[in-house]
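Engineer: Next up is a structure, given as structure tokens.
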Amino acid sequence: MADPEVRALIERYQLDPHPEGGWYRELHRSGELVQRSDGETRDALTLILFLLESGAVSRWHRVAGADETWQAIAGDPLELLTLPPGGGTFRRRRIGFSLADPALEPVAVVLAGHWQAARSLGRWSLVSCCVGPGFSFSDFALLSDLPAAAHPAGALPEFL
């Protein structure tokens, strides 16, 4: 982490290292509880700040039982890859703001159980991620923790 602007963002927003890569801080956890279709009870909604710096990746991971949104806040565009639970063809999206680049999306949705990975397309990217029903690390899985034989087809190895 050589970029002084990245260091300043980490300090300003009191971000911690995330197990998938990057830096984060939880900003909100709903006081309301909901019961998912699998019977598990979770907070209704959670929201984090998430920062990726140049050269860092958000490694392939998935969240069971909850959809996740990625919203651009500041910095350079971010590349978000998603892959169906059983593998196949990944989808690549660029998250950010620019009137000059209509291919940028300000918000993207990752469906429950789908694999996701990301990287900054510049010096750094700051996004917010909202999970509903709310995030729990018990629902979180890193692809790199699974045996290679269980990796879904289409998961680019540079995001492991």
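The values are calculated or read from the model by the stated rules, or taken from the named source; none is laboratory data. This is a predicted model, so every value here is computed, not measured. Methodologically, a virtual Cβ is constructed for each residue, glycine included, from the backbone with ideal geometry; neighbour enumeration extends over all protein chains shown.
Engineer: Output the strands (runs of 3 or more DSSP E) that fall wholly within region 28-86 and possess 1 or more residues being farther than 18 Å from Phe140 by Cα, or say none.
Structural biologist: Result: 33-35, 46-53, 67-75, 78-83.
Engineer: For Ser136, which of the numbered conditions (1) farther than 30 Å from Pro4 by Cβ; (2) of a type in the set (Ser, Thr, Tyr); (3) under 13 Å from the mean Cα position of the chain (by Cα) fails to hold?
Structural biologist: Answer for Ser136: the failing condition is (3).
Engineer: Follow-up. Please state which one of Glu20, Glu5 is in a loop (DSSP other than H, G, I, E, B) and surrounded by 10 or more Cβ atoms within 10 Å (Cβ to Cβ).
Structural biologist: Answer to the selection: Glu20.
Engineer: While we're looking at this one, here's another question. Among Phe90, Phe50, which is the only one that is in contact (Cβ under 8 Å) with a residue 40 or more places away in the chain, under 22 Å from His114 (Cβ atoms) and in contact with a Leu (Cβ under 6 Å, 6 or more places away or on another chain)?
Structural biologist: Matching residue, one of Phe90, Phe50: Phe90.
Engineer: Sort out which residues of region 41-68 are surrounded by 15 or more Cβ atoms within 10 Å (Cβ to Cβ) and more than 29 Å from Leu156 (Cβ to Cβ), and write them in order of number.
Structural biologist: Within region 41-68, Arg42, Asp43, Leu45 meet the criteria.
Engineer: Answer yes or no: is there a residue in region 91-114 that is buried (at least 21 other Cβ atoms within 10 Å of the Cβ), hydrophobic (A, V, I, L, M, F, W, C) and farther than 22 Å from Leu27 by Cβ.
Structural biologist: no
Engineer: Moving on. Please verify whether region 124-135 includes one or more residues that are surrounded by fewer than 16 Cβ atoms within 10 Å (Cβ to Cβ) and of a type outside the set (S, T, N, Q).
Structural biologist: No: zero hits.
Engineer: Kindly check whether there is at least one residue in region 92-99 that is at pLDDT 95 or above and farther than 22 Å from Glu5 by Cβ.
Structural biologist: For region 92-99, residues at pLDDT 95 or above and farther than 22 Å from Glu5 by Cβ: present.
Engineer: May I pose another question? Are any of the residues in region 64-80 in contact with an Asp or Glu (Cβ under 6 Å, 6 or more places away or on another chain) and under 20 Å from Gly22 (Cβ atoms)?
Structural biologist: Within region 64-80 (the criterion being in contact with an Asp or Glu (Cβ under 6 Å, 6 or more places away or on another chain) and under 20 Å from Gly22 (Cβ atoms)), the answer is no, since none of the residues qualifies.
Engineer: Right, here's the next one. Tally time: how many residues in region 87-111 are in a loop (DSSP other than H, G, I, E, B), over 17 Å from the mean Cα position of the chain (by Cα) and under 24 Å from Ser144 (Cβ atoms)?
Structural biologist: Number of matching residues: 2.
Engineer: Considering only residues that are part of a loop (DSSP other than H, G, I, E, B) and farther than 15 Å from Trp60 by Cβ, which ones fall in region 112-160?
Structural biologist: Ala112, Leu121, Gly122, Arg123, Pro133, Gly134, Phe135, Ser136, listed by residue number.
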